[in-house]
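The values are calculated or read from the model by the stated rules, or taken from the named source; none is laboratory data. Predicted model, so just to flag it, every value in this text is computed and none were measured. Every residue, glycine among them, receives a Cβ derived from its backbone with ideal geometry; neighbour counts consider all protein chains shown.
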Amino acid sequence: MRDRYIDQLRLSRHDARPSDLLLFAELGIRALRYPVLWERHAPRSLDEADWSFADERLTALRRLGVEPILTLLHHGSGPPQTSLVDPEFPEEFARYARAVAERYPWATRYTPINEPLTTARFSCLYGHWFPHTRDDGQFARALVNQCRAISLAMDEIRSVNPDARLVQTEDLGFTSATAPAREQAALENERRFASFDLLCGGLEPDSVMHRWLCAAGIAPDELAWFAGRPPADVLGVNVYLSSERFLDHRMARYPRHEWGGNGQIAYADVAAPFVTDAPWQGPEALLRSVWQRYRRPLAVTEVHNSGHREEQLRWLDEVWRAAGALAAEGADVVAVTPWALLGS
């Protein structure tokens, strides 16, 4: 699978079913994150861009009274001529974002790149997605490149539409561990906030992640660039039952596909709710930690739990109640959004 693209819109057949949008609208949906993906619309260059898919779908959404939140990159690395670690990736992506804004100047909400930290982890730390590396330096580069690309993209979009707003998504999770793996868990619990930190004013020079990124090869002035930049307008937290992780050095308890390590110690990396003796915080604690850290409008941008319908509904209800409890405390919680109409 490493030498070919996988188009999720084709796999789900949504790209051949514009009638899906009417069904979505009939559910009462009034806002929908919708893909205007770089690699689909301009796979070779902006001069050869084909906007027919986005033209048809965005026009239909407007007619149906559904506001699209435009996503330009979703768990991908762009067209074949670039990648997350390409030095020119941020500027090239920003040029694409401007072209989108010029074609659809009425669009006001954007998620330019979905889950930049998660994408960097799966692409460059775990090797699952292109460019399939397992390297701290490549991970750091992919993370910083994406966050810079998001910030530059919003500059370009706002130069066309000053009312445009950044709705930034991330899967934050939380990691606990048995004693031998607690140092790794502590690092992961700092790392989970890195993309939001960069996009909400930058990293403090004495912070754990600033030191870690510099040790991985990022120049301090690259991180200083984010200081004073316009912060995200809405912080979108993607909340899955499996997002909370438990690192357990007692690997024999778990199947081999859950075994891993950090090069110093080996451990199983498992979903905490499914381990009897694992600590578990739950969605309310997660959302509260984001609100207390940033004090910016907050949305739950993805809620999902794999399983039968009743388990999915039970999880949605739990997250809904958590968001309501936080709002009752005075937090600015603006939305709770189920996943996934387009990703299944």
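Some notes on this structure:
- Residue, surrounded by the fewest Cβ atoms within 10 Å (Cβ to Cβ), within the range 292-307, restricted to residues that are of a type in the set (A, V, I, L, M, F, W, C) and farther than 8 Å from L235 by Cα: V303
- All positions within the range 1-45 that are assigned to a helix (DSSP H, G or I), touching a residue at least 40 places away in the same chain (Cβ under 8 Å) and of a type in the set (D, E, K, R): D20, E39
- Candidate set: the range 73-82, residues that are closer than 21 Å to V234 by Cα and crowded, with 18+ Cβ neighbours inside 10 Å; chosen: the one farthest from the chain's Cα centre (by Cα): L73
- Single match in E48, E56 (criterion: without any contact (Cβ under 8 Å) to a residue 24 or more places away in the chain and more than 22 Å from the chain's Cα centre (by Cα)): E48
- Among the numbered conditions (1) farther than 28 Å from E88 by Cα; (2) without any contact (Cβ under 8 Å) to a residue 24 or more places away in the chain; (3) in a loop (DSSP other than H, G, I, E, B), the only one that W280 does not meet is (2).
- Scanning the range 83-119 for residues that are buried (at least 17 other Cβ atoms within 10 Å of the Cβ) and without any contact (Cβ under 8 Å) to a residue 40 or more places away in the chain yields one hit, E92.
- The range 224-248, residues that are part of a loop (DSSP other than H, G, I, E, B) and either farther than 17 Å from E115 by Cα or touching a Ser or Thr at 6+ places or on another chain (Cβ under 7 Å) (or both): W225, F226, A227, G228, R229, P230
So that you can scan it fast, the table gives a plain yes or no per residue for (1) touching an Asp or Glu at 6+ places or on another chain (Cβ under 8 Å); (2) within 25 Å of R288 (Cα to Cα):
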site: R98; (1), (2): yes, no
site: A101; (1), (2): yes, no
site: A107; (1), (2): no, no
site: L117; (1), (2): yes, yes
site: D135; (1), (2): no, no
site: V144; (1), (2): yes, no
site: D155; (1), (2): no, no
site: T178; (1), (2): yes, yes
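- Scanning the range 55-69 for residues that are in contact with a Pro (Cβ under 8 Å, 6 or more places away or on another chain) and crowded, with 17+ Cβ neighbours inside 10 Å yields R57, L58, A60, L61.
- Flag if F193 is surrounded by 15 or more Cβ atoms within 10 Å (Cβ to Cβ), at pLDDT 95 or above, within 21 Å of L298 (Cβ to Cβ) and aromatic (F, W, Y): yes
- In the range 133-159, residue surrounded by the most Cβ atoms within 10 Å (Cβ to Cβ) [restricted to those that are acidic (D, E) and either touching a strand residue (DSSP E or B) at 6+ places or on another chain (Cβ under 7 Å) or over 19 Å from A227 (Cβ atoms) (or both)]: E156
- Taking the criterion of being among the small types (G, A, S) and either in a helix (DSSP H, G or I) or closer than 27 Å to A224 by Cβ (or both), the residues of the range 160-179 that qualify are A164, A179.
- Here A271 does not fit the description of being modelled with pLDDT of 95 or more, out of contact with any helix residue (DSSP H, G or I) (no Cβ under 8 Å at 6 or more places or on another chain) and hydrophobic (A, V, I, L, M, F, W, C).
- Here the range 196-232 is the region considered, the condition is being among the charged types (D, E, K, R) and out of contact with any helix residue (DSSP H, G or I) (no Cβ under 9 Å at 6 or more places or on another chain), and the residue that is surrounded by the most Cβ atoms within 10 Å (Cβ to Cβ) is R211.
- Sole residue being touching a strand residue (DSSP E or B) at 6+ places or on another chain (Cβ under 8 Å), at pLDDT 95 or above and assigned to a helix (DSSP H, G or I), chosen from A331, A323, A335, A299: A323
- From T111, T118, residue being within 19 Å of the chain's Cα centre (by Cα), of a type in the set (S, T, N, Q) and in a helix (DSSP H, G or I): T118
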